[in-house]
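In what follows, a structure is listed as structure tokens, so that the remarks can point back to it.
Readers should treat all values here as calculations from the given coordinates under stated rules, not as data from a laboratory. Because the structure is a prediction, the values reported are computed rather than measured. Every residue, glycine as well, gets a Cβ built from its backbone with ideal geometry; the counts of neighbours run over all protein chains shown.
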Amino acid sequence: MTSTSPPDACTVLVVGAGPAGSACAQWLAHQGVDVVLVDQHDFPRDKVCGDGLIPDAHRALERLGLYDEVMAAAQPAAFLGCVAPRGGRVDVPGRLAVMPRRQLDDILKRGAERAGARFFAPLRFVAPLLDGDRVAGAVLRGSDGEITLRARWTVLATGAVPQALLASGMCRRQAPSGIALRGYVHNPEMQGRLTALDVVWHPQLRRGYGWIFPCRDGVFNVGVGVGLAQSHSMAGEDGPTKKRNINLREMFATFCEVYAPARELLAGGRLLGALKGAPLRCSLDGAELERPGLLVTGEAAGSTYAFTGEGIGKAMETGLLAAEALLAGAADDAAVAARYRAAVATLKPRFDLYERANKVNEHPWLADLLIWRARRSARILRRMAGVLEETGNPGNLVSLRGITRLFLPIR
Ligand SMILES: Cc1cc2nc3c(=O)[nH]c(=O)nc-3n(C[C@H](O)[C@H](O)[C@H](O)COP(=O)(O)OP(=O)(O)OC[C@H]3O[C@@H](n4cnc5c(N)ncnc54)[C@H](O)[C@@H]3O)c2cc1C
């Protein structure tokens, strides 16, 4: 059990010890900043996720010096298996891995502590502490009641649930951008047979997708996700996808019926624990990034990609950007805010492209065409690998020009 007696004051208070918060805390502490990291849950704790680590997460872990420790316990994978609505499949090469978040987030949190950050839990952010209009720390609730912790800066890295954003006046959109549900299935017979990170589009999953990601020891993370209506790109011929129209458990059952490997996995395996759902906040949208004394980072700031729902890597990246802005801006509120806004803005075009790539969920024929062509064209497969590695843009593949090029002779 972590101590619940934090100090009265610190230089930076980071709220939330997910990938964004721990990365931010580690980077600051490493530079000698007095950092307190708090979370509403004691660690290790579970986080509902697909647990897939794509190349941006690998790069962020390398920057944090935690890559070897993570990979020593993760399940590596060499391919993202994209399965189109009509069943066509292409394996896109990439640097991939799977690690349950209970383990990954604990490694990240311990990395922050090793760098010098002090971690306290369970402590829940209730409200900001104000000096006039400036945030000067937080009111936190622990098992012994409420405490106040004064801080020169507070960083909110509280993930997709908007309560902390609402309490701080930073929430611009309360509704999630998407919702997803996952379960762990134990089936040692299938170990070694399902080795890629499979992402599956199917007409019966409507505008969503399913996945099977192999963990270690014969355990598989199986799940379904769907984007929600506030994004205009979600409005299709039978109306926008609304949360009330979606039953993720039914979607999960459908996925396990229509996708043969999922069917086999469940039929011969055992579900470990309950199926669990969670919201997603995507496209760097839905929250203010800063106000004097406070920065918002990670999924609280919408740092998860629409279309794929991947966000672990970008959570760490934005956490590092917040830390860098604080280090560079020192005592100047306006300099910190401007630097952080500018740094996050450089990521925005890629998030917009993922939002555009949502067209694949609206127009399943596009996924069929793309995957059919990628199976026959080294050029298109290379471009898909470039998107995964972030050397290419996903939106280009589904832009009018990109689609037109799909009809060109195969190369
Ligand atoms: C079902 C599902 C599948 C997904 N699959 C993948 C995947 O395979 N790969 C991928 O890259 N991404 C995936 N994502 C997205 C990924 O989970 C997020 O992008 C990522 O967790 C964001 O990290 P974060 O640090 O910003 O927030 P989080 O990981 O959510 O961490 C936030 C932390 O803040 C704490 N907290 C929240 N409120 C308070 C408060 N008031 N006071 C104190 N502490 C608080 C929480 O306890 C938590 O520890 C998935 C998401 C879902 C829902």
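Summary of computed values
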{"item": "Integer Hz, Karplus 6.51/-1.76/1.60 couplings in order for segment 299-309, x for Gly and Pro", "result": "5, 4, 8, x, 7, 9, 6, 5, 6, 9, x"}
{"item": "Relative packing of 371-378, 175-182, which averages over residues the other C-beta atoms within 10 Å, highest first", "result": "175-182, 371-378"}
{"item": "For PHE119, net neighbour charge (Lys/Arg +1, Asp/Glu -1) across residues whose Cβ lies under 9 Å away", "result": "+1"}
{"item": "Size of electric dipole in the chain: Cβ of Lys, Arg +1 and of Asp, Glu -1, about Cα centre, debye, nearest 20", "result": "1340"}
{"item": "VAL126 long-range amide H proximity, modeled H, under 5 Å", "result": "VAL139, LEU140, ARG141"}
{"item": "Max mean-square fluctuation residue, GNM over the chain, Cα-Cα springs under 10 Å, options GLU69, GLU189, GLU288", "result": "GLU189"}
{"item": "For segment 155-169 versus segment 80-121, the gap between their alpha-carbon centres in whole angstrom", "result": "23"}
{"item": "Net charge over other residues, Cβ less than 14 angstrom from the Cβ of LEU129 (K, R count +1; D, E count -1)", "result": "+1"}
{"item": "Gain on full stretching of the segment that runs from ASP217 to THR195 - 0.36 nm per residue minus C-alpha separation", "result": "6.7 nm"}
{"item": "FRET efficiency estimate (nearest 0.05) - Cβ-Cβ, GLN174 to ALA127, R0 25 angstrom", "result": "0.90"}
{"item": "Highest-fluctuation residue, ALA136, ALA335, ALA267 considered, GNM on the chain with Cα pairs under 10 Å", "result": "ALA267"}
{"item": "Of ASP333, ASP368, ASP133, the one that fluctuates the most in a GNM where the chain has Cα springs shorter than 10 Å", "result": "ASP133"}
{"item": "Projected label distance in nm at ALA260 and ARG375, using a 7 Å step from Cα toward the beta-carbon", "result": "1.2"}
{"item": "Calculated FRET efficiency for the pair LEU272/ALA331, C-beta based, R₀ 51 Å, to 0.05", "result": "0.55"}
{"item": "Relative contact order (%) - the chain, alpha-carbon pairs under 8 angstrom, separation at least six", "result": "20"}
{"item": "Virtual spin-label span in nm between ASP144 and LEU166, 7 Å along Cα→Cβ", "result": "3.0"}
{"item": "Angle between the chain longest axis and helix 248-258 axis [Cα atoms, degrees, rounded to 10]", "result": "30"}
{"item": "Local electrostatic count at GLY302 - Lys and Arg +1, Asp and Glu -1, tallied over other residues with Cβ under 15 Å", "result": "-1"}
{"item": "Degrees between helix 312-329 axis and first principal axis of the chain (Cα, 0 to 90, nearest 10)", "result": "30"}
{"item": "Rounded to 5, percent antiparallel among DSSP beta bridges of the chain", "result": "70"}
{"item": "Tilt relative to the chain, helix 364-376 - C-alpha long axis, 0 to 90 degrees, to 10", "result": "70"}
